[in-house]
Structures are given as C-alpha cells and as structure tokens.
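Participant: Have a look at this one before I ask anything.
The values are calculated or read from the model by the stated rules, or taken from the named source; none is laboratory data. From a predicted model like this one, the values you see are computed outputs, not experimental measurements. FYI the Cβ positions are ideal-geometry reconstructions off the backbone, even for glycines, and counts take in every protein chain you see. Just the protein is used for accessible areas: all its heavy atoms, side chains included, with ligands, DNA and RNA removed. Shrake-Rupley method; radii C 1.70, N 1.55, O 1.52, S 1.80 Å.
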Amino acid sequence: MTSSLVLASASPFRRALLTNAGLAFEAQAARVDERALERPLEQSGASPVDVALALAEAKAKDVARHFESALVIGSDQTMSLGARVYHKPRDMAEAAEHLLSLSSKTHSLNSAVVLVRDDEIVWRHVSTAHMTVRPLNRAFIERHLQRVGEKALASVGAYQLEGEGIQLFERIDGDYFTILGLPMLPLLSKLRELGAIDA
C-alpha cells in the first residue's frame, strides 16, 4: 500500500462499511456547514448530484488539511424528487409531509464519493438508487410514524429501509451501499487501481 487512508466522516455506518470490507483507515469528522454550502448551490440551479459531489469534496478537503499525503475519502448523499432536494424533517408533521409527497412516486438517492490528497481531487463518483414508494394514505402514514417514533427524524426520507420503512416501498433499483450513502464497489475498485489497498 502506497498511502494511508482516512475517512472524512463521523458516521458509524460508513465506518462500519470500511471496517467490514477489511480496510485499514483512520476516521475524522469533517467540519463543514452543509446547509451553508447547499443553499447557494441550490439557488444557482445545481442538480442534486452536483450538490452531493460538492458536499463530499468539501468534507474530504477539510479533513485532508490535517493528513499530509493521505488519501481522504469524502462522501455525502442527497435525496431528490425531480428538482426538489429533501432535508431531514424537523418534526413528525414534516416527516408525514415527506412521506405523503413520496407516495406513488420514484425518488432518487444520489450517493457521492470523492478521493482527495493534499487538496487535490483524485477521483469523484456518484451512484444513484431509484426508490419507488407504494401508494400511501394519511391514515397509514400516521400509524406508521406512531410505530417508528423519533427514528423517522433521523433520515432525510423519514424512513429506515432496514426497519419498518421497507413496508413503504414497491420497488428499489440500486445497490445496498448506494442506499446507505457510500458506493463501496466503485470506491474499492478505484482504491485498488491507485494501489491504496491490496489488489
């Protein structure tokens, strides 16, 4: 291996994905004001994919300042329905609105991953999963949110696919890692190509 690896994230899920894949790495949370970065991008008409890439790059570059010559992995995900980009619901009423707006529609989870070394972008990639929600009515949404409780506020779509959230879906097109927010297969392929992990 020619370089050390650093994950620019405090997410236990992303750390677990790299650990389970057998990678040796350090992890450090990025200090990036995501909303402040997103706002001008969205106002300028940037696509949800562009926003995800910009956030991933900003996180990787922030952490790379503290790790000279290391290969830093930054990642982020946006959830979009057409031009609308969703953010985590602030309360249960907003969670219900999110779910109602997704009913009978296909939304996208855009997962970006970026590699940075010494402030230079080495590689960038986005994988998208398409998530089709079955027809939902207000009564079901209310019962569902009562059952899952505050967990609904922890995710942008107000659902956890690994839990009862799976009942909301009619069809899912995309791989598990993209849905979790870190496209592992293209990342591992690039790391092997760069000699950063065992080929």
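Participant: For segment 98-111, which positions are part of a loop (DSSP other than H, G, I, E, B) and either over 14 Å from D173 (Cα atoms) or open to solvent by less than 10 Å² (accessible area, probe 1.4 Å) (or both)? Before the answer, list the steps.
Facilitator: Initial filter on segment 98-111 (part of a loop (DSSP other than H, G, I, E, B)): 103-105.
Within segment 98-111, S103, S104 meet the criteria.
Participant: If you don't mind, another one. Looking only at residues that are part of a helix (DSSP H, G or I) and open to solvent by less than 40 Å² (accessible area, probe 1.4 Å) in segment 84-97, which one is nearest to S44 (Cα to Cα)?
Facilitator: Filtering segment 84-97 down to residues part of a helix (DSSP H, G or I) leaves 92-97.
From what is left, the residues that are open to solvent by less than 40 Å² (accessible area, probe 1.4 Å) are 95-96.
Numbers: A95: 27, A96: 29 Å.
Out of the qualifying residues, it is A95.
Participant: Among the residues of segment 112-153 satisfying the criterion of being part of a loop (DSSP other than H, G, I, E, B) and open to solvent by 50 Å² or more (accessible area, probe 1.4 Å), which is farthest from L191 (Cα to Cα)?
Facilitator: For segment 112-153, the residue satisfying everything is N137.
Participant: Can you name the residue in segment 186-196 that is in contact (Cβ under 8 Å) with a residue 12 or more places away in the chain and under 14 Å from V122 (Cβ atoms) and is also farthest from the chain's Cα centre (by Cα) among such residues?
Facilitator: Start the filter on segment 186-196 by keeping residues that are in contact (Cβ under 8 Å) with a residue 12 or more places away in the chain, which leaves 186-188, 190-191, 194-196.
Okay, now just the ones that are also under 14 Å from V122 (Cβ atoms), so 186-187, 190-191, 194-196.
Working: P186: 15, L187: 14, K190: 19, L191: 19, L194: 23, G195: 25, A196: 23 Å.
Restricting to residues being in contact (Cβ under 8 Å) with a residue 12 or more places away in the chain and under 14 Å from V122 (Cβ atoms), the top hit is G195.
Participant: Given the criterion aromatic (F, W, Y) and more than 25 Å from E94 (Cβ to Cβ), identify the matching residue among F177, F169. So that I can check it myself, show each step before the final result.
Facilitator: On the way: F169 fails: more than 25 Å from E94 (Cβ to Cβ).
Going through F177, F169 in turn, just one is aromatic (F, W, Y) and more than 25 Å from E94 (Cβ to Cβ): F177.
Participant: So how many residues does segment 161-185 have that are over 15 Å from the mean Cα position of the chain (by Cα) and surrounded by 16 or more Cβ atoms within 10 Å (Cβ to Cβ)?
Facilitator: Count: 3.
Participant: To continue, here is another question. Residue by residue through segment 19-36, note down the ones that are over 16 Å from A58 (Cα atoms), without any contact (Cβ under 8 Å) to a residue 12 or more places away in the chain and not in a loop (DSSP other than H, G, I, E, B). Outline the logic, then answer.
Facilitator: Start the filter on segment 19-36 by keeping residues that are over 16 Å from A58 (Cα atoms), which leaves 19-26.
From what's left, without any contact (Cβ under 8 Å) to a residue 12 or more places away in the chain: 19-20, 22.
Scanning segment 19-36 gives T19, N20.
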